[in-house]
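What follows is a single structure, written as C-alpha cells, with notes after it.
Bear in mind that the values in this text are calculations on the coordinates, not laboratory data. Since the model is a prediction, treat every value here as computed from it, not as a measurement. Here the Cβ positions follow ideal geometry from the backbone for every residue, glycine too, while neighbour counts run over all protein chains shown.
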Amino acid sequence: MDLSYVTLFEADKPWSEMRRGSVEERIHGRLKDLSARLGDKTWLDGETFTAGDLLMVSVLRILIDQGFVEAYDNLAAYMHRGIDRPAFQRALAAQMDGFTGEAPEWFAAWAEKMKQGETA
C-alpha cells in the first residue's frame, strides 16, 4: 500500500521520492523473510495449498513485474504456481467481472430488497 502512495497518490508531493527508498527497503525486508519461510517448499505449509497461500499469492500478485518478487526466485515461482491454478484463475475472473461497468444480473433484485430494508 505504501508503494501505491509514493508512486500514485502522493507522486506529486515533494517527500514522495525521498520516501520511496525506505518503502522499497521495507518491501524487500518482508519478501526476504517470506522467501526464507518458504524455502524450497511448494506451498507455505509444504505440499498442500491452503487459504494462506491464496492470500499470499494475491498480495504478491500486486507487485508482479515490478522486480520485487522477481528478485527472489523461489517467491516468483511460488507466485506463478498460485496464479496458474485453475481455481485461482476462476476466482480472479469472477472478481474482475465486478469491474466491467455492468452490474451482475442479480444486482437489481438485491438493490430493491435493500431499499425495502430486507437483508441479503
| query | To the nearest 500 deg cm²/dmol, what mean residue ellipticity at 222 nm is calculated for the chain from DSSP H runs of n ≥ 4 alone, each contributing -39,500 (n - 2.57), summed and divided by the residues? | reply | -18000 deg cm²/dmol
| said: Defining a contact as two alpha carbons under 8 Å apart and six or more residues distant in sequence, what relative contact order in percent does the chain show? | reply: 16
| said: Restricting to DSSP loop positions (anything but H, G, I, E, B) with no more than 12 other Cβ atoms inside 10 Å of their own Cβ, which chymotrypsin sites (Phe, Trp or Tyr not before Pro) remain in region 60-120? | reply: Phe99, Trp106
| Can you give the convex hull volume of the alpha carbon atoms of region 13-54 per residue, in Å³? | 74
| Of Glu25, Glu105, Glu17, the one that fluctuates the most in a GNM where the chain has Cα springs shorter than 10 Å | Glu105
| For the chain, radius of gyration divided by Kirkwood radius, i.e. Rg to Rh on alpha-carbons | 1.11
